[in-house]
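Have a look at the structure below before the remarks.
Please treat every number below as a calculation from the coordinates, not as lab data. Only a predicted model underlies this, so the values are computations on that prediction, with no experimental measurement involved. Neighbour counts run over all protein chains shown; Cβ positions are idealised from the backbone, glycine included.
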Amino acid sequence: MLKTFTKGGIHPPDRKLTAHTCIQSLPLPATAIIPVSQHLGAPAIPVVAKGDYVKTGQLIAKGNGFVSSNVHASVSGNVAKIEDVTDISGYRRQAIVINVAGDDWLESIVRNEFLDREIKLTGEEILKKIADSGIVGLGGATFPTQVKISVPRGKKVDCLVINGVECEPYLTSDHRLMLEKGEEILVGVELLKRAMDVKIAHIGIENNKPDAIRLMRKLTVSHKGIEIHALKVKYPQGGEKQLIKAILNREVLSGGLPVDVGVVVFNVGTAFAVYEAVQKNKPLFERIVTITGKSVRQPANYRVRIGTPISSLIQASGGIPEDTGKIISGGPMMGKALINADVPVMKGSSGILLIPSGESARNKMQPCVRCGKCVSVCPMGLEPYLLMPLTEQKNFDRLEVEHVMDCMECGSCSYTCPADRPLLDYIRLGKSNVGKIIRSRKK
Amino acid sequence: MSVTILYTIISLSLLGAISAVILYFVAQRFKVYEDPRIDLVEAELPAANCGGCGFAGCRNLAENLVKAETMEGLFCPVGGNAVMSKIAVILGRQAVIQDPRIAVLRCNGSCEFRPITNHYDGVASCAMVSAMYGGETGCTYGCVGCGDCTLVCSFDALHMDPVTGLPVVDDAKCTACGACVKACPKNLFELRKRWKGEKKIYVACLNEDRGPVASRNCKVACIGCSKCFKICPFEAITMHNYLAFIDSDKCRLCRKCVTECPTNSILEIGFPVKKTLSDEKAVIS
């Protein structure tokens, strides 16, 4: 019997079209648009000026405060301008635009494929390197990794959980990374273990990736204290609370963090970035992006420099299919539709999904039939059918009592609703309002 | 049989009498004194219960008016000065006179001026759209057009114009209660001084982008050129973040800024169509 989380969950069709497509490098763009706010927390502050020449890997914006992250040049060339640009969020935010000239890397970056297993640095040095390299959670939440590693005083972490679940349909960037860079990921996990001073790490992989499970099991023979767990396929197993429940059977209470049960969760992509930052001195300026969709001519996994316009990825995979209704950044469940294809790839972009208009259109909302399906699929044990009218009535006190802030916006409720009610849209609105009230109370 | 009925009548009457006596004493013991002026003041208030005064309904404002030392800061925007002076007579205090106000929408980005760049198919609610992203046009500051404001207006003074896609304020019905100001997630409504004949001059734009970006996304956007700021003889115009703002308390409706504005983002409403020099002078004096 395979492990999984107990509460709720759904089984959307897999559609991993690119599971057997090797990672390819995408040619450099003509201009790279690098937003200074690619992480959760305060935007970074640019340290270069218009006209400056920057090398690939050079620091161009410095993290501002504790919860923030450095941003590095992903290409070499001259800074064309620093201005507000529409990014994936749909709002205009500050970005550094670089005109690409050649590909001139910083000398300090080790540019070979040699697998460097030897860990020379101490935990603190690793932490500093991770912070300097601008590493954030690459699963999509983009929480600065160094903040996650710095466990608050009084809390004790006894094991790491590494997320190789990739429960979103269509996406395969983590899957391919595990197949092609498995050993590097394991060294990255060892580095994270050293940085956090823990002995055990658990890697969770869903059972729809048997090749990755087999390979990682073979590789972990030489790595003591890293265990591979094959998990039953169920969405949203990639949520950290669900993953902890599935692997360790520990329950993170309402309003709590994984640290409260002695666990910190990282993505396999993050582990790989940590390997590159520490062993190869390479800051985070490229990532694996899956470009996929039913009608896409050549769905693929690309290694993309941060700041590459999404339109050039689409171009490389055969252009926009005629029947495209929406272009989504991320997976179909939690991703966000883009307002134009010129927005740049950011640290958190795990995939680009082109959905045909027939599938992307919303159905007409019907009255709630009280079937309770949304309650049975909610992985957080909430009652979405109730949260929606509470938001409509602006009953924010009651919403808070009903634990609306526990919602992680996985979209299972909207997916399963037979009446096509936009449950998540309302819950998100309620969450943002309740969040504002809670913040104003703290002041 | 008749005895049973008799006993029933007697016992029930006794029970009633005893309860009445108990209730009388309880009522005496827990009597709450309420200032009779509260009822008088409430009778004067318009009973719209719109919350425009900042209190929960007209009764609540009446209670606060009676309780307060002065009438400073307590004002019913719906009733206006007429109602407040009547209340002042009841309470024997000095009425605070305020200029009557009116709500204006600081956006003129109809589909004609502001091209639609993407299509939103989610729930038709401005709050929902702005929680998600900037909106269907390139301008992230302008009206979203889902009509949250029309839903909160208690006076039927706001309607969506199907042609422009923007809400229109009915000057005759608007009481400046401020419900739309709170409801608009983009903060587009402003309560401005109400002039005679519903004359209005205001910058119908909140776009804080730089000029080229703003004008690319909307033909009637304020581009922050400061021309109006320089020409204004009354120092009523201030510039902030590439955006002009006309202070309605300082503005004297001379309309010099209107002709100066290169993008027509300053609107003049309620003026005679043909403007001559003598007309302008008449307005100033």
### Query
So, in Å, what gap is there between the alpha-carbon centers of the stretch B:146-171 and the stretch B:187-239?
21
#### Entry: 10 Å binning of all Cα-Cα separations within the stretch A:11-61, expressed as whole percents from 0 upward
16, 31, 26, 20, 7, 0
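If you restrict to DSSP beta bridges whose two residues both lie in the stretch B:101-284, what percentage is antiparallel, to the nearest 5?
Details: 17 of 17 bridges.
Here the antiparallel bridges make up roughly 100 percent for the stretch B:101-284.
Just how large is the dipole of chain B about the Cα centre, in debye to the nearest 20, putting +1 at every Lys and Arg Cβ and -1 at every Asp and Glu Cβ?
Its charge dipole is roughly 720 debye.
Where the only charges are on Cβ atoms (+1 Lys, Arg; -1 Asp, Glu), what is the dipole of the stretch A:61-155 about its Cα centre, to the nearest 20 debye? Kindly include the intermediate steps, with their values, before the conclusion.
On the way: 12 positive and 12 negative charges, 110 e Å.
So the magnitude is around 520 debye.
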### Message
Please report the antiparallel percentage of the DSSP beta bridges confined to the stretch A:123-279, to the nearest 5.
### Response
5
### Query
Counting other Cβ atoms within 10 Å of each Cβ, which GluC sites (Glu not before Pro) in the stretch B:1-74 have at most 11 and sit in a DSSP loop?
B:Glu34, B:Glu69, B:Glu72
### Summary
Rounded to the nearest whole number, the per residue volume of the convex hull around the C-alpha atoms of the stretch A:373-442 in Å³ is 71
### Task
May I ask for log10 I(q)/I(0) of the stretch A:123-279 at q = 0.09, 0.12, 0.18 Å⁻¹, from a Debye sum over the Cα atoms as equal point scatterers with solvent left out?
-0.25, -0.45, -1.07
### Message
What whole-number volume per residue, in cubic angstrom, does the convex hull of the C-alpha atoms of the stretch B:35-184 give?
### Response
119
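For the peptides B:156-166, A:274-284, what is the packing order when you average, over each peptide's residues, the other Cβ atoms within 10 Å and list the highest mean first? Walk me through the numbers on the way to the answer.
Working: B:156-166: 15.5, A:274-284: 23.4.
So the order, starting with the most tightly packed, is A:274-284, B:156-166.
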### Task
Would you work out which of A:Ile205, A:Gly256, A:Gly269 lies farthest towards the positive end of the dipole of the stretch A:123-279, given +1 charges on the beta-carbon of Lys and Arg and -1 on that of Asp and Glu, about the Cα centre?
A:Gly256
### Task
Read phi for every residue in the stretch A:101-111 and hand back ³J(HN,Hα) as whole Hz from Karplus 6.51 cos²θ - 1.76 cosθ + 1.60, θ = phi - 60°, with x for Gly and Pro.
9, x, 9, 9, 7, 4, 5, 5, 7, 7, 10
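First check a/c for the stretch B:101-284, with a ≥ b ≥ c the square roots of the eigenvalues of its C-alpha gyration tensor; if it is under 1.5, answer rounded, and if not, answer prolate when a/b is larger than b/c or oblate otherwise. Working shown, then result.
Working: a/c = 2.01, a/b = 1.34, b/c = 1.50.
Since a/c reaches 1.5 but b/c is at least a/b, the shape of the stretch B:101-284 is classed as oblate.
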### Task
Work out the mean other chain Cβ neighbour count within 10 Å for the residues of B:113-125 and drop it here as an integer.
3
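Pull out a ≥ b ≥ c, the square roots of the eigenvalues of the alpha-carbon gyration tensor of the stretch B:36-91, then state rounded if a/c is under 1.5, prolate if not and a/b is larger than b/c, and oblate in the remaining case. Mind showing how you got there, number by number?
On the way: a/c = 1.25, a/b = 1.21, b/c = 1.04.
Cα axes put the stretch B:36-91 in the rounded bin.
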#### Entry: Cut-off 15 Å between beta-carbons: net charge of the residues surrounding A:Val221, Lys and Arg +1, Asp and Glu -1
+2
### Unit charges on C-beta of K, R, D, E only; dipole of the protein assembly as shown, Debye
540
### Query
Exactly which GluC sites (Glu not before Pro) in the stretch B:158-264 are in a DSSP loop and have at most 13 other Cβ atoms within 10 Å?
B:Glu235
### Query
Projected area of the stretch A:255-309, taken from the Cα convex hull and averaged over every viewing direction, in nm²?
6.8
#### Entry: Per-selection Kirkwood Rh - the stretch A:297-345 (Cα, Å, 1 d.p.)
11.5
#### Entry: Filter on A:Lys128/A:Lys193; A:Lys62/A:Lys443; A:Lys50/A:Lys436; A:Lys7/A:Lys436; A:Lys148/A:Lys224 - keep pairs with C-alpha separation over 26 Å
A:Lys62/A:Lys443; A:Lys50/A:Lys436; A:Lys7/A:Lys436
#### Entry: Cβ crowding within 10 Å averaged over residues, with B:168-180, A:173-185, B:115-127 ranked highest first
A:173-185, B:168-180, B:115-127
## Note on the structure
With the charge dipole of chain B built from beta-carbon charges (+1 for Lys and Arg, -1 for Asp and Glu) about the Cα centre, the Cα from B:Pro185, B:Ser13, B:Gly211 projecting farthest to the positive end belongs to B:Gly211
### Query
Which whole-Hz ³J(HN,Hα) couplings does the stretch A:329-338 yield from phi under the Karplus relation 6.51 cos²θ - 1.76 cosθ + 1.60, θ = phi - 60°, glycine and proline marked x?
8, x, x, x, 7, 10, x, 10, 5, 8
### Query
Once Lys and Arg get +1 and Asp and Glu get -1 on their Cβ, which of A:Leu192, A:Leu243, A:Val136 lies farthest toward the positive end of the dipole of the stretch A:123-279?
A:Leu243
### Query
How big is the antiparallel share of DSSP beta bridges in the protein assembly as shown, given as a percent to the nearest 5?
70
### Task
With a 4.7 Å Cβ cut-off, tell me which Cys residues in chain A come up empty for a partner.
A:Cys22, A:Cys159, A:Cys167, A:Cys368, A:Cys371, A:Cys378, A:Cys407, A:Cys410, A:Cys417
### Task
List the pair-distance distribution P(r) of the stretch A:307-443, using every Cα-Cα distance, as the percent of pairs falling in each 5 Å bin from 0 up to the bin containing the longest distance, rounded to whole percents.
2, 10, 16, 17, 16, 13, 12, 9, 4, 1, 0
### Query
Which shape class, rounded, prolate or oblate, goes with the protein assembly as shown when its Cα gyration tensor gives a ≥ b ≥ c as root eigenvalues, a/c under 1.5 marks rounded, and past that a/b bigger than b/c marks prolate?
oblate
